[in-house]
Amino acid sequence: MSRVKICGIKTLAEASLVHRAGAWAMGEVFAPSRRRIEVDQAAAINRELSGAILKVGVFVNEELDTIKYIIRSCGLDMVQLHGDETPELLAEIELPVIKAFSVTGPVDPDYVRRWRPFAYLFDTAINGSSGGSGRSFNWDYLQAVQDWPNLILAGGLNSDNVAVAIRRLRPMAVDVSSGVELTGGGKDPLKIEQFMQQVKTAEYNQG
């Protein structure tokens, strides 16, 4: 089954929910966002969960010293960089790194190979946003990289389209945030259940 990362976790209840649902990882946003979580809150949540689920800290153009401080304080397992971070910065981070790229057209594999992350995440490019827009992009833009074994697909995924995405691209993982949220914010247990079921359905249909 494709791995599932659920991003924008802000409470212990949400973290426990995504763990019980069978998610591979949860994302905690430390960048300006309506889903931003404070360091002390994330640290408390992660102490409770211990090793139950991978804890991914999401950053946008953050200083290296701050990233390292939050890694230590929150017991993070992985880092996701969602800004204009350089390949050199990735090399300074001691944890596995997911490097996110905002897709505006066909992805140039030679360009993104300049970074050497644990995984490449491709998301929708929206002016003024670094992710979590709830909008998808043209998956044809990933043609040159879609066979890579460490591809993570994000951008507007929900229970209506995730099975199609998995059957078409066969990514290492899918990343969802707004697609499993309540209208007023916060994670929706029913939407998470439906999303996870569609991921399983897609894998079953692949044989």
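Of note:
- Meets criteria (over 20 Å from GLU193 (Cβ atoms) and at pLDDT below 95) for SER33: yes
- Top-ranked residue in the stretch 74-100 [being acidic (Asp, Glu) and surrounded by 14 or more Cβ atoms within 10 Å (Cβ to Cβ); ranked as farthest from ALA173 (Cα to Cα)]: GLU85
So that you can scan it fast, the table gives a plain yes or no per residue for (1) modelled with pLDDT under 95; (2) surrounded by 15 or more Cβ atoms within 10 Å (Cβ to Cβ); (3) in a helix (DSSP H, G or I):
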site: VAL4; (1), (2), (3): no, yes, no
site: ALA13; (1), (2), (3): no, no, yes
site: GLU28; (1), (2), (3): no, yes, no
site: LYS55; (1), (2), (3): no, yes, no
site: GLU62; (1), (2), (3): no, yes, no
site: LYS68; (1), (2), (3): no, yes, yes
site: ARG72; (1), (2), (3): no, no, yes
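- Residues that are surrounded by 11 or more Cβ atoms within 10 Å (Cβ to Cβ) and either of a type in the set (Phe, Trp, Tyr) or outside any loop (DSSP other than H, G, I, E, B) (or both), drawn from the stretch 101-119: PHE101, SER102, VAL103, PRO109, VAL112, TRP115, PHE118, ALA119
- Candidate set from the stretch 128-186 (those that are loosely packed, with under 15 Cβ neighbours inside 10 Å and among the β-branched types (Val, Ile, Thr)); member that is modelled with the highest pLDDT: VAL164
- Residue count for the stretch 170-200 under the criterion of being closer than 17 Å to TRP24 by Cβ and either out of contact with any Cys (no Cβ under 8 Å at 6 or more places or on another chain) or part of a helix (DSSP H, G or I) (or both): the result is 16.
- Taking each residue of the stretch 81-108 that is free of Cβ contacts under 8 Å to residues at least 60 places away in the same chain and looking for partners that are among the small types (Gly, Ala, Ser) and exposed (fewer than 14 other Cβ atoms within 10 Å of the Cβ) with beta-carbon atoms closer than 6 Å, six or more apart or interchain, yields VAL107/ALA144.
The values are calculated or read from the model by the stated rules, or taken from the named source; none is laboratory data. A quick note: this is a predicted structure, and the numbers were derived from the prediction, not measured. As a convention, Cβ positions derive from the backbone with ideal geometry for all residues, glycine included, and neighbour counts pool all protein chains shown.
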